[in-house]
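**Q** Let me give you the structure first, and then I'll get to my questions.
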C-alpha cells in the first residue's frame with residue numbers, strides 16, 4: 001500500500017518538475033511624453049503627446065525550457081504599441097519573433113531578429129537608442145538594416161577572453177529572376193571590465209548586378225559613474241554618389257538618482273548633404289522600474305541637408321521641399337517597465 005502511495009505521489013509531481021524546468025515571462029515598457037517638435041520648415045511647429053521618447057512602448061513574452069544535455073529551447077515574441085492612441089504596430093510581433101536553441105555554443109534562433117549591425121549600434125549609442133538624437137535615424141529611409149525577417153541568427157557565448165561572435169542570414173524570398181533581397185551579416189565584439197569594442201558588416205542583394213554594403217564600428221568605456229560611447233555607421237548602396245555616413249560621440253554621468261546624457265552626431269551623404277546634431281537628456285529615477293525624463297535635440301542641416309531627429313518612438317523630419325531646414329525637439333515624459 002505504501003509503495004502504491006509513493007508511485008502516485010511521484011506521478012502527481014511530474015507536472016511540477018516540468019514546470020520547474022521551464023519558464024515564461026511577461027515583460028514590457030510603457031513610455032509617454034509631452035513634446036514640442038519643429039521641423040524647421042514654415043508652419044512646421046507643433047505640440048504633441050508621443051509614445052516612446054525614451055524607450056519604445058512594448059510588451060513581450062520570453063521563455064525557455066531545459067531540454068537536457070546542456071540545451072535550452074528559447075523563444076521571444078515582442079510587440080510595439082502607442083500609449084497615446086492605444087494602437088499597435090502594423091505587425092503584431094514586429095519588434096522580435098524568434099524561437100531556437102541555446103547552449104554552451106551560444107544560441108541559434110529563427111524568425112524576425114535584430115541584425116548584427118543593430119547589435120553593435122545599440123551597444124554604442126549613449127542615448128540607448130531612445131532619447132532625441134539617437135542613432136536610430138541611420139536605420140531610416142532604407143539605409144542600414146535593423147531587423148531581419150525570415151532569418152537564421154547565431155550569437156556565440158562570451159568566450160575567448162571577452163570576444164563574442166555573431167552571424168545572420170535573412171532570406172529575401174524573391175523569385176529567381178529578381179534581386180534576392182537576401183541579407184548576410186557578421187559581427188565581432190570584445191567586452192571586458194567596462195570596455196566594449198564592436199564591428200559588424202552586412203551584404204544586401206538589392207540589385208542583380210551588385211550588393212549593397214552596410215557596416216558599423218562602435219566602442220564604449222565606463223569608469224565609475226562616467227561613460228562614453230561612439231560609433232561610425234555606413235550604408236553604401238550599389239551605384240555612385242549615394243553613400244550615407246553617420247558618426248556619434250556621446251557621454252553620460254550618473255549622480256545619485258540623476259543621470260545626464262549628451263551626444264554629438266554628424267550625418268553625411270556622398271552628394272554633399274550634411275547635418276550636425278547636438279542632444280542633451282536628463283533622467284531621474286523614482287523607483288526600480290519608473291523614471292521621469294527630459295530631452296532636447298537640434299539638427300543643423302546645410303543647404304542640401306534634410307536629416308531628421310529620431311527618438312525611440314518619434315521622428316522630426318523636414319518635408320521634402322525644405323532642404324536646409326533645421327529641426328528641433330524637446331520632450332518631458334515618464335517611463336515605467338514591468
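The values are calculated or read from the model by the stated rules, or taken from the named source; none is laboratory data. If you're wondering where the values come from, they're calculated on a predicted model, not measured in any experiment. Cβ coordinates were reconstructed from backbone atoms using ideal geometry, including for glycine residues, and neighbour counts include every protein chain displayed.
**Q** Could you list all residues from the range 89-106 that are loosely packed, with under 15 Cβ neighbours inside 10 Å and either outside any loop (DSSP other than H, G, I, E, B) or over 17 Å from the mean Cα position of the chain (by Cα) (or both)?
**A** Of everything in the range 89-106, those that are loosely packed, with under 15 Cβ neighbours inside 10 Å and either outside any loop (DSSP other than H, G, I, E, B) or over 17 Å from the mean Cα position of the chain (by Cα) (or both) turn out to be 90, 92, 99, 103, 104, 105.
**Q** Restricting attention to the range 274-313, report how many residues are part of a loop (DSSP other than H, G, I, E, B) and either out of contact with any strand residue (DSSP E or B) (no Cβ under 9 Å at 6 or more places or on another chain) or surrounded by fewer than 20 Cβ atoms within 10 Å (Cβ to Cβ) (or both). Give the derivation first.
**A** Keep residues of the range 274-313 that are part of a loop (DSSP other than H, G, I, E, B), which gives 286-289, 302-308, 311-313.
If we keep only those that are either out of contact with any strand residue (DSSP E or B) (no Cβ under 9 Å at 6 or more places or on another chain) or surrounded by fewer than 20 Cβ atoms within 10 Å (Cβ to Cβ) (or both) too, we end up with 286-289, 302-304.
Final tally of qualifying residues: 7.
**Q** Determine, yes or no, whether residue 219 is at pLDDT 95 or above, touching a helix residue (DSSP H, G or I) at 6+ places or on another chain (Cβ under 7 Å) and closer than 30 Å to residue 74 by Cβ. Walk me through how you get there before you give the answer.
**A** Values: at pLDDT 95 or above: yes; touching a helix residue (DSSP H, G or I) at 6+ places or on another chain (Cβ under 7 Å): no; closer than 30 Å to residue 74 by Cβ: yes.
So residue 219 fails the test.
**Q** Working only within the range 141-159, note down all residues that are part of a loop (DSSP other than H, G, I, E, B) and modelled with pLDDT under 95. Spell out how you get there, then give the answer.
**A** Of the range 141-159, the ones part of a loop (DSSP other than H, G, I, E, B) are 141-146, 156-158.
Answer for the range 141-159, where residues must be part of a loop (DSSP other than H, G, I, E, B) and modelled with pLDDT under 95: 141, 142, 157, 158.
**Q** Out of the residues in the range 224-237 meeting the condition of being in a loop (DSSP other than H, G, I, E, B) and surrounded by fewer than 17 Cβ atoms within 10 Å (Cβ to Cβ), tell me which one is nearest to the chain's Cα centre (by Cα). Break it down into steps so the answer makes sense when it comes.
**A** Taking the range 224-237 first, the residues in a loop (DSSP other than H, G, I, E, B) are 224-225, 237.
Pick out the ones that are also surrounded by fewer than 17 Cβ atoms within 10 Å (Cβ to Cβ) and you get 224-225.
Numbers: 224: 25, 225: 23 Å.
Taking the candidates together, the pick is 225.
**Q** Restricting to the range 53-82, count the residues that are assigned to a loop (DSSP other than H, G, I, E, B), farther than 17 Å from residue 108 by Cβ and either more than 15 Å from the chain's Cα centre (by Cα) or modelled with pLDDT under 95 (or both). Please lay out each step first, then the result.
**A** Going through the range 53-82, the residues assigned to a loop (DSSP other than H, G, I, E, B) turn out to be 53-57, 69-70, 82.
Next, from what is left, pick out any that are farther than 17 Å from residue 108 by Cβ: 53-57, 82.
Those left that are additionally either more than 15 Å from the chain's Cα centre (by Cα) or modelled with pLDDT under 95 (or both): 82.
The number of residues fulfilling the criteria is 1.
**Q** Let me ask something additional. Go over the candidates 221, 201 one by one and state the one that is within 19 Å of the chain's Cα centre (by Cα) and not in a loop (DSSP other than H, G, I, E, B). Working first, answer last.
**A** Working: 221 fails: within 19 Å of the chain's Cα centre (by Cα).
Being within 19 Å of the chain's Cα centre (by Cα) and not in a loop (DSSP other than H, G, I, E, B) holds for just one of 221, 201, which is 201.
**Q** Sticking with this one: Which residue pairs have Cβ atoms under 7 Å apart, sit 6 or more places apart or on different chains, and have a first residue in the range 208-225 that is in contact (Cβ under 8 Å) with a residue 40 or more places away in the chain and a second that is part of a loop (DSSP other than H, G, I, E, B) and surrounded by 15 or more Cβ atoms within 10 Å (Cβ to Cβ)?
**A** 214/144; 214/145; 218/124; 219/124; 220/124
**Q** Let me ask another. Could you tell me whether residue 191 is free of Cβ contacts under 8 Å to residues at least 12 places away in the same chain and either assigned to a strand (DSSP E or B) or surrounded by fewer than 19 Cβ atoms within 10 Å (Cβ to Cβ) (or both)?
**A** no
**Q** Test residue 46 against the stated conditions and say whether it is surrounded by 19 or more Cβ atoms within 10 Å (Cβ to Cβ) and either modelled with pLDDT of 95 or more or part of a loop (DSSP other than H, G, I, E, B) (or both).
**A** Numbers: surrounded by 19 or more Cβ atoms within 10 Å (Cβ to Cβ): no; either modelled with pLDDT of 95 or more or part of a loop (DSSP other than H, G, I, E, B) (or both): yes.
Considered against the rule, which asks whether it is surrounded by 19 or more Cβ atoms within 10 Å (Cβ to Cβ) and either modelled with pLDDT of 95 or more or part of a loop (DSSP other than H, G, I, E, B) (or both), residue 46 comes out as no.
**Q** Would you mind stating whether residue 211 is at pLDDT below 95, farther than 24 Å from residue 298 by Cβ and surrounded by 15 or more Cβ atoms within 10 Å (Cβ to Cβ)? If you could, list the steps in order and put the result at the bottom.
**A** Details: at pLDDT below 95: yes; farther than 24 Å from residue 298 by Cβ: yes; surrounded by 15 or more Cβ atoms within 10 Å (Cβ to Cβ): yes.
Answer is yes for this residue.
**Q** Scanning for something out of contact with any strand residue (DSSP E or B) (no Cβ under 8 Å at 6 or more places or on another chain), assigned to a strand (DSSP E or B) and farther than 29 Å from residue 329 by Cα, does the range 238-252 turn up at least one residue?
**A** No: the range 238-252 contains no residue that is out of contact with any strand residue (DSSP E or B) (no Cβ under 8 Å at 6 or more places or on another chain), assigned to a strand (DSSP E or B) and farther than 29 Å from residue 329 by Cα.
**Q** As an exercise: evaluate residue 260 against (1) surrounded by fewer than 18 Cβ atoms within 10 Å (Cβ to Cβ); (2) within 18 Å of residue 231 (Cβ to Cβ) and give the number of the one condition it does not meet.
**A** Unmet for residue 260, out of (1) surrounded by fewer than 18 Cβ atoms within 10 Å (Cβ to Cβ); (2) within 18 Å of residue 231 (Cβ to Cβ): (2).
**Q** Looking only at the range 317-332, which residues are assigned to a strand (DSSP E or B) and either buried (at least 22 other Cβ atoms within 10 Å of the Cβ) or modelled with pLDDT under 95 (or both)?
**A** Restricting attention to the range 317-332, the residues satisfying the condition of being assigned to a strand (DSSP E or B) are 328-332.
329, 331 - these are the residues of the range 317-332 that are assigned to a strand (DSSP E or B) and either buried (at least 22 other Cβ atoms within 10 Å of the Cβ) or modelled with pLDDT under 95 (or both).
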